[in-house]
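Working notes for the structure below.
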Amino acid sequence: RVHGEFLEQNQSPTMTTPWCEIVTKRTSSDTQKANAFEKLGGLAFGNEKAATEIVSFPGILPALVQALNHEILHYHSMIVVVNLMCNSNNARPILARESEILDRLCQYANDQDESHHDMSMFALSFMSHNKDASPFMEEKQISTIFAKVMQDPSETQSNQVLAMMGLANLTGREEQSRFTADTGLLEQLLDIFGRALGCETFAGLVWVPQYVLPALVSLSVSDSIKKPLIQLGIFPHLLRLEKEGSKHFNKFPKLVNLQLEREYSAQILFNLALSNEGSSFLGSHSSWPWLLEKFSSESSTAVCKDHAERIQFRIRKWKEVTEPQPQTSRNRSVFQFLSKTKKDDPSGSLSAAEAASTSTTYTMPLVMISYNWAHQEMIKKIAAGLKQYNFRIWLDIEHMSGSTVEAMANAVESADVILVCVSKAYKESANCALEAQYAMQLRKPTVPLIMEDNYRPGTHQMGWLGMLCGTKLYYDFSRATTPDTFKAKLAELVVELTPKNVPVPIAPKTIPEAQTETKVEMTVDQVVEWVREVGLGEYADRFVAHQMDGAAMRSLAKCIDNVGWPELRASLGIDSLGDRLRLRALLHAKFQ
């Protein structure tokens, strides 16, 4: 099938294809397969394109599973797995989804055979770099393997360092983790980061910054770790990374991805800027405008530019807080946001009867819904339901245009009340935190909606999100899974949002399902964020260059089946069969 498509497009097979064919053929001998696996391991090293081609080749994953359990081929196939994990961000979640591969790596991690153990630790540590792989690793309780290796005095220093990186990637976002209890681990991690900036050999391994940066990204999400990271000197390291990046690229060009390193650095800065200590440091030192200018330059990716814009916004708003500001009419309680006065009623209050008799003179509140995209379907359903009660709704997929930061700020400023959709994903999202913190700064009325079962105020260490929710009454939509329970919960929310002197709107006969709202108006920036979330981030800049917004993506979804290989490669740079098929499936699921 693969050859047929290549021949149809007059293309030559890629350099990985012949070797993939050998390892997937039943008629190939063990010697032929061993040689092919070694070739594939070499091709995957430092080559994202080749790695993606390998994991996308039909039948390669079952072949790897079989080889990992083979008496002769297990070592050769492990080399492929290790190099795929080490060098391909796209390959990590794909391999993590293969339960048998993950089971075998866990078995090897507990193996007495030194080579098996060492290679599995390398593979598992690098697999944890990709957040999409985390759910599969958590299911297998990989963090306990990392913790065990860190505590074992008989382990090699390299394995202990790899385990520390892996544990940081999997648990570093939590408010209570081993890293919050032991700042010595943070010191050790920053020491390794400093060595990586010089591409030094440490614990028997050559380190480059992008091996350490994912762990620092995870740790910088936790509110309890932000301040220690700043105090231990992470900012000077990030400044040095930008200034000296070309040096380690010249030294190890196959291991270093400068754009990826810059994206990691920008994400860490964004996470830290959400703390008062981070904003204070960035706002008071002269070096940071230069760095943010680098992040915003033409050579940076769209993701990097977006982070820079949000960091600048955060610092501006932090400065406004630190300088005394006159109070405005924004400081209102949840039941004060609607004007209830009549020209002939100087008291400013109306009875329920008066309100009912003059209901046409009232405009229902503008409700902004602040949420993480992981819960978009439920959010669309809530928005549709509130519209049936005549509430005005601001939802990003319907109203975003131009600068996403400016649109977000305008929405927060204009909203009468903000629904904060509480979940672990919301708490760990820097974009959501920026949105919610700005609402807190303006003292906007907020109403928490629970989106995730067992994740609610008082039951988890929620950091800034716990402070925002406080003792507020919350509405649990995580269990509103049937039409009746959803309708009942929505009715409770409507009572909360309706001002005191305005009669509660009559419930509509039917509440529309989320599926009835099929229109998805996404900005180019939102499309880029989605592209990265689904594992196609290497093509993000091409989506920006072609201004692929929601409307363009819907059009592409309709015609994707008729778009040939050359067109996708020429326009979006997609020349991998696996990525092409993945994009096709994702477009149909998201935009049709």
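Each of ARG584 and SER571 was given a label point 7 Å from its Cα along the Cα-to-Cβ line. The distance between the two points is 1.5 nm. Peptides 294-301, 246-253 ranked from most to least packed by the mean count of surrounding Cβ atoms within 10 Å: 294-301, 246-253.
Near GLY537, once Lys and Arg are set to +1 and Asp and Glu to -1 for all other residues with Cβ below 10 Å from its Cβ, the sum equals -4.
Taking 7 Å steps out from each Cα toward its Cβ at ASP30 and GLU320 produces label points 7.0 nm apart.
For LYS227 and GLU114, the difference between the fully extended length at 0.36 nm per residue and the C-alpha to C-alpha distance is 36.8 nm.
Computing FRET efficiency as 1/(1 + (r/R0)^6) for LYS148 and LYS500, where r is the C-beta to C-beta distance and R0 is 51 Å, gives about 0.30.
With the highest mean first, a sort of the peptides 409-417, 212-220, 431-439 on other beta-carbon atoms found within 10 angstrom per residue produces 212-220, 431-439, 409-417.
Label separation (GLU406 vs SER280): 3.3 nm, computed from points 7 Å beyond Cα along the C-beta direction.
Stretched out straight at 0.36 nm per residue, the stretch from GLU200 to SER287 would grow longer than its current Cα-Cα span by 28.7 nm.
With 27 Å as the limit on Cα-Cα distance, the pairs of LYS39/LYS294; LYS387/LYS500; LYS381/LYS444; LYS254/LYS294 that go past it are LYS39/LYS294. Net charge dipole, region 19-78: roughly 120 debye, given to the nearest 20, about the Cα centre with Cβ charges of +1 for Lys and Arg and -1 for Asp and Glu. FRET efficiency for the SER414 to ASP191 pair, using the beta carbon distance and R₀ = 45 Å, is estimated at 0.40.
Listed cross-link partners LYS140/LYS427; LYS131/LYS305; LYS33/LYS140; LYS131/LYS424 are compared with a 18 Å cut-off, the Cα-Cα value being larger for LYS140/LYS427; LYS131/LYS305; LYS33/LYS140.
Here the extension length gained between SER246 and ALA491 equals 82.4 nm, from 0.36 nm per residue of separation less the Cα-Cα distance. Between the beta carbons of GLU139 and GLU533, assuming R0 = 25 Å, the FRET efficiency works out to 0.80 to the nearest 0.05.
With a cut-off of 13 Å between beta carbons, the residues surrounding ASN257 carry a summed charge of -1, where Lys and Arg count +1 and Asp and Glu -1.
Taking all protein chains into account, the per residue accessible area for region 40-129 stands at 34 Å² (1.4 Å probe). In this structure THR471 has an accessible area near 140 Å², from a 1.4 Å probe over the protein heavy atoms.
For LYS251, a cut-off of 13 angstrom between C-alpha atoms picks up these aspartates and glutamates, skipping any fewer than 8 places away in its own chain: GLU200.
The values are calculated or read from the model by the stated rules, or taken from the named source; none is laboratory data. These numbers come from a predicted model, not from an experiment. Because the Cβ atoms are built from the backbone with ideal geometry, glycine has one as well, and the counts that use them run over all protein chains shown. Ligands, DNA and RNA are stripped out before the accessible areas are found, and what is left, the full protein with its side chains, is counted by its heavy atoms. Shrake-Rupley method; radii C 1.70, N 1.55, O 1.52, S 1.80 Å.
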